[in-house]
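Just so it is clear, none of the values below were taken in a lab; they were calculated from the coordinates. These numbers come from a predicted model, not from an experiment. Positions of Cβ are generated from backbone atoms using ideal geometry, with glycine treated the same way; all protein chains shown enter the neighbour counts.
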Amino acid sequence: MQEHYDPRAIETAAQTFWADTRAYEVTEDPSREKFYCLSMLPYPSGALHMGHVRNYTIGDVISRYQRMQGRNVLQPMGWDAFGLPAENAAIARGIPPAKWTRDNIDHMREQLQAMGFAIDWSREFATCDPSYYVHEQRMFVRLFEQGLVYRKNSVVNWDPVDQTVLANEQVVDGRGWRSGAPVKKREIPQWFLKITDYAQELLDELDRLQGWPEAVKTMQRNWIGRSEGLEIRFDVEGAHEPLSVFTTRPDTLMGVTFVSIAAEHPLAHAAARNNPAIAAFVEQCRHGGVSEAELETQEKRGIDTGLVAIHPVSGEKLPIWVANFVLMGYGTGAVMAVPAHDQRDWEFATKYRLPKKIVIADADTADALRALGERAAVAFDPMSVALGGIAPESGSDRVGLEDRLTAFARRIEQESAFTEHGMLVNSQDFSGLDFDGALTALAEKLEADGCGARTVHWRLRDWGVSRQRYWGCPIPIIHCDRCGAVPVPEEQLPVVLPEDVAFSGVQSPLKSDPQWRNTVCPECGEPAERETDTFDTFMESSWYYARYTSPGAETQVDARADYWLPVDQYIGGIEHAILHLLYFRFYHKLLRDAGLLHSREPATNLLCQGMVVAETFYRDSELGTRDSGKRDWINPSEVNVQRNERGHVIGATLKADGLPVWIGATEKMSKSKNNGVDPQTMIDKYGADTVRLFSMFAAPPEQSLEWNEAGVEGMARFLRRFWREVTTHVSQPDHPPVDPAALNAAQKTLRRQTHETIVKVGDDIGRRHAFNTAIAALMELLNHVSKFDDVSEQGRAVRHEALQAMVLLLNPFTPHASHALWQALGHPETLIEDQPWPKAEREALLRDRVTLAVQVNGKLRGTIELAPDASREEAEMQALSEPSVARAIAGQNVRKVIVVPGKIVNIVAGEGTA
RNA sequence: GCGAAAGUGGCGGAACUGGCAGACGCGCUGGAUUUAGGUUCCAGUGGGGCAACCCAUGCGGGUUCGAGUCCCGCCUUUCGCACCA
């Protein structure tokens with residue numbers, strides 16, 4: 001074998017072997033347990049980035065580990081090929097999006113292969129293949145026929161200069177990213193999928209997803225946002241239609257002092273018609289983008305419409321305000337405002353000097369009212385602290401009680417709303433009730449009066465799938481003047497996206513291509529037009545996992561899907577915690593309800609990996625004409641970092657000129673900060689195994705990973721040492737098998753360390769996904785092996801056992817090196833995943849002595865060594881006789897001794913006795 | 001604004017169920033080997049005192065024999081917010 005570790009040669013050899021033997025192509029085999037390991041498919045942006053490397057290495061480690069457990073492992077790969085960047089690239093370089101995308105795919109496939117991932121490439125596809133998206137179009141047509149698809153107006157970002165719809169990403173500080181023009185909201189008709197029909201199931205099944213991170217499930221629960229409450233109708237003076245609001249706090253109903261509506265609400269439009277000020281305000285609300293973050297962070301503003309709503313219980317007249325923070329897309333587009341008990345209403349009311357009416361008392365106020373007697377709680381009006389006519393039951397502390405009431409009222413008037421549940425006050429017949437009592441009583445009254453009902457409300461909105469873009473899957477609809485929107489008949493699918501187009505970026509080539517657009521209505525045969533919008537790319541990424549199981553199937557998936565699904569391990573970025581993962585779960589249920597699948601959920605275990613970050617370096621732009629704070633970002637590879645004699649970083653210089661550069665924050669790798677590290681450069685320099693090893697070692701998978709080239713060197717060093725250790729070992733004469741009875745103490749120790757490592761690495765990979773500590777354990781074992789210089793027969797036997805275990809345990813991380821070293825250890829060239837995972841022997845794990853820490857009053861004072869089966873009394877006695885312990889307790893009484901077997905002895909000493 | 005996470009040596013991180021804080025790696029210091037080396041090997045490395053010991057896991061409280069870990073309150077950073085993928 002090679003004496004020196006030469007990654008290039010061994011990686012090429014291993015990859016050739018895998019390709020020649022089609023090592024990772026799999027088929028369904030009901031006699032074997034399957035394992036479907038899936039990483040989120042990449043967007044083909046041009047080249048692999050470190051986020052991909054990390055994601056796919058995690059998947060590959062798990063796949064290879066599971067295969068070594070004897071499972072039938074499927075690890076597929078494909079391309080999320082539609083999307084906005086292809087259009088941007090097309091504009092910038094004049095290449096059609098399809099060509100740009102396919103060239104990128106070819107390049108990135110090679111890069112993935114160079115990383116040595118155990119992928120079944122026979123199942124590969126790109127989502128821009130008509131043979132893929134035809135099934136998506138068929139599904140859409142089916143859903144249309146089932147009534148799960150509908151069309152309605154919704155708001156988009158409109159660039160008035162470029163005359164185009166902008167994605168939220170393309171709106172920067174309220175302006176179009178290319179034109180720089182202020183963005184406006186615009187309503188256009190769009191297609192929606194009724195995901196809300198599945199809201200309850202999507203919520204309920206989260207409880208069953210034991211293998212998903214709690215954080216993701218919590219975020220999904222909050223996103224779905226089930227809330228129970230009342231829908232309450234307020235009559236509007238002079239209007240035919242009542243104004244509907246939803247509230248989860250019906251107990252505060254008697255504290256409503258006005259009603260807020262969204263600027264897009266029909267009543268707002270009505271009010272704007274005869275009032276220029278309102279019209280101007282509504283028009284102003286159209287400025288800016290549509291993202292929720294933008295809407296929620298803008299300054300709260302409003303205007304009185306002059307319209308009047310009638311309180312359904314008290315009959316009071318309430319002003320109706322247009323408020324820019326009420327969202328038309330959420331609920332009814334109107335909310336009842338209770339400034340005393342809702343913080344946002346409180347702020348709005350304070351700003352516009354609208355009244356606050358206290359109707360909920362905190363515990364202290366409720367106590368004070370009870371002390372003042374039954375009637376006080378009912379009649380108490382905290383705003384005026386009107387206690388006139390109420391005689392206190394015990395007169396002496398009346399003033400004190402009144403002070404407490406006043407303090408509560410003042411707090412709400414001046415500081416903030418009281419938003420907790422409490423006792424109802426100042427609420428007519430409902431005073432004195434608690435939240436639940438008020439909910440029941442009000443629901444009954446409003447239902448009886450026909451102006452309200454209990455209802456369940458969802459935060460989740462239906463999925464808008466229309467995009468006004470070219471590079472996407474065409475929505476299979478034909479618009480006919482007579483028949484309306486008609487789905488494209490099954491036999492005419494797919495509606496193929498023309499790929500050979502000139503793309504300017506201003507208008508979709510679909511709109512400007514009459515030949516493609518014009519067709520005939522499938523129902524009446526008259527001339528009609530195709531829908532020119534395309535699908536949201538989440539449509540493609542919501543079901544790709546199922547297609548991998550059924551390559552070439554005539555239908556969307558076939559019977560093979562039930563063998564492989566659900567996915568056993570899904571891996572991807574935490575940024576997908578809500579949207580993608582919710583659509584993914586939803587689509588699975590659509591496939592199930594179409595009878596194509598028979599499982600409830602698409603994936604049983606989910607791992608969300610953190611992002612890859614790196615240091616940033618910069619210089620201030622000299623001669624900058626505008627902002628003096630402008631920075632030129634410098635790639636980490638062009639910089640030398642200086643340290644002092646203690647290893648502290650004291651500065652950095654540019655390699656090119658030796659002059660200083662500034663050190664910025666450690667941030668996510670990005671083009672804008674120029675801190676990206678190219679995986680290809682790393683592979684060329686160190687080899688794929690080293691890159692894989694570092695990306696698994698530097699941080700646990702869920703955390704962010706800081707790319708640091710010195711750390712990569714460390715991994716290369718480890719592999720070189722390991723290589724050398726095996727090389728040296730195999731150059732020695734043959735040895736007999738390990739004879740446990742014949743081992744000396746040092747041999748026993750190394751053997752124990754080997755078997756402890758087997759236990760730890762298996763647990764770390766299989767159960768904990770703590771790849772970093774698995775690798776650390778293997779490094780420790782290598783340190784033990786290199787210190788073990790026993791060349792006797794049993795010494796060589798024990799070393800062989802250690803090295804052989806290491807080759808197998810390292811295989812998921814460094815499959816190329818393990819492939820070569822397995823042969824070096826005397827095995828023929830085989831697929832190492834067909835070797836069984838090493839098993840720890842119980843007897844090899846036994847210890848002669850165990851170490852216990854001894855504390856006095858919780859502070860470490862020494863350690864003691866004991867037989868593993870020593871009694872509590874022995875441990876206590878030995879601890880007390882330890883000199884450092886005796887010193888620490890001198891002059892004090894031992895009051896208590898706590899012994900935790902195998903771990904610790906804590907002596908509680910002090911004055912007094914036990 | 002709302003929702004979800006994370007804060008431990010000079011750095012990345014370890015400590016899994018409340019039980020010896022800092023495994024492993026990087027960096028740094030000293031030494032050895034080598035014609036040379038951005039090679040390899042050996043030793044040391046949280047801070048203070050340089051001894052006994054004291055201090056230390058974002059900040060402030062609390063529970064406990066014992067807290068990085070549990071509870072309460074703050075601060076900072078990151079992710080998501082429905083047209084980026």
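Mind listing the phi-derived Karplus ³J(HN,Hα) values for the stretch A:30-44, rounded to whole Hz, using 6.51, -1.76 and 1.60 with θ = phi - 60°, and x for any glycine or proline?
Going residue by residue, I get x, 7, 10, 6, 9, 9, 9, 10, 10, 9, 4, 6, x, 7, x Hz, with x marking Gly and Pro.
For a 19 Å ceiling on Cα separation, which of these pairs sit above it: A:Lys217/A:Lys589; A:Lys357/A:Lys445; A:Lys152/A:Lys194; A:Lys152/A:Lys589; A:Lys217/A:Lys760?
A:Lys357/A:Lys445; A:Lys152/A:Lys589; A:Lys217/A:Lys760
Between A:Leu74 and residues 5 or more places away or on another chain, which pairs have amide H atoms under 5 Å apart, with H built 1.01 Å from N, and which residues are they?
A:Phe35, A:Tyr36, A:Cys37
Using only Cα atoms, find the angle between the long axis of helix A:214-224 and the longest principal axis of chain A, and express it within 0 to 90 degrees, rounded to the nearest 10.
Roughly 20 degrees, rounded to the nearest 10.
For the stretch A:393-460 and the stretch A:772-797, compute the distance between their C-alpha centroids and round to whole Å.
Each part reduced to its Cα centre gives a spacing of 71 Å.
Report, in deg cm²/dmol and to the nearest 500, the calculated mean residue ellipticity at 222 nm for chain A, where each DSSP H run with n ≥ 4 adds -39500 (n - 2.57) and the sum is divided by the residue count.
The helix-only estimate for chain A comes to -11000 deg cm²/dmol at 222 nm.
Work out from phi, with θ = phi - 60° and the Karplus expression 6.51 cos²θ - 1.76 cosθ + 1.60, the ³J(HN,Hα) of each residue of the stretch A:148-155, listed in order in whole Hz, and give x for Gly and Pro.
8, 10, 8, 10, 8, 6, 8, 8
For the stretch A:291-356, take N as its residue count and report Rg(C-alpha) divided by 2.2 N^0.38 Å.
After normalising by residue count via 2.2 N^0.38 Å, the value is 1.14.
Enter the angle in degrees (range 0 to 90, nearest 10) between the Cα long axis of helix A:872-881 and the first principal axis of the Cα atoms of chain A, meaning the one along which they spread out most.
80 degrees
Find the percent of Cα-Cα distances in chain A that exceed 54 Å, and round it to a whole number.
34 percent
Quick check: the angle from helix A:343-352's long axis to the longest principal axis of chain A, C-alpha only, nearest 10 degrees?
Value to nearest ten degrees: 40.
Using DSSP to define loop residues, name the trypsin sites (Lys or Arg not before Pro) in the stretch A:663-723 whose beta-carbon has at most 12 other beta-carbon atoms within 10 Å.
Loop-located and lightly packed - A:Lys671.
Do any trypsin sites (Lys or Arg not before Pro) in the stretch A:96-176 lie in a loop, going by DSSP, with at most 15 other beta-carbon atoms within 10 Å of their beta carbon, and if so which?
Passing sites in the stretch A:96-176 do not exist.
Convert 37 °C to kelvin, take the viscosity as 0.692 mPa s, use the Kirkwood radius over C-alpha pairs of the stretch A:15-92 as Rh, and evaluate the Stokes-Einstein diffusion coefficient in µm²/s, rounded to a whole number.
Estimated via Stokes-Einstein, D reaches 223 µm²/s.
A:Leu243's amide H: which non-local residues (gap 5+, or another chain) put their own amide H closer than 5 Å, with H modeled 1.01 Å from N in plane and none for Pro or chain starts?
Amide H to amide H, under 5 Å and 5 or more residues apart or across chains, A:Leu243 pairs with A:Phe234, A:Asp235, A:Val236.
From the backbone phi of the stretch A:525-537, what are the Karplus-calculated ³J(HN,Hα) couplings (6.51 cos²θ - 1.76 cosθ + 1.60, θ = phi - 60°) in whole Hz, Gly and Pro given as x?
Using θ = phi - 60°, the values come out as x, 7, x, 8, 10, 6, 4, 9, 6, 10, 6, 3, 5 Hz.
Classify the stretch A:763-830 from the C-alpha gyration tensor, please: rounded if a/c falls under 1.5, else prolate or oblate depending on whether a/b exceeds b/c.
In terms of gyration-tensor shape, oblate.
Which far-off residues, 5 or more places away or on another chain, put their amide H under 5 Å from the one on A:Ser670, with H placed in the peptide plane?
A:Asn675, A:Gly676
Can I get the semi-axes of the stretch A:255-329's equivalent ellipsoid? Compute them from the C-alpha gyration tensor as square roots of 5 times the eigenvalues, in angstrom, largest first.
Values for the stretch A:255-329, descending: 23, 15, 9 Å.
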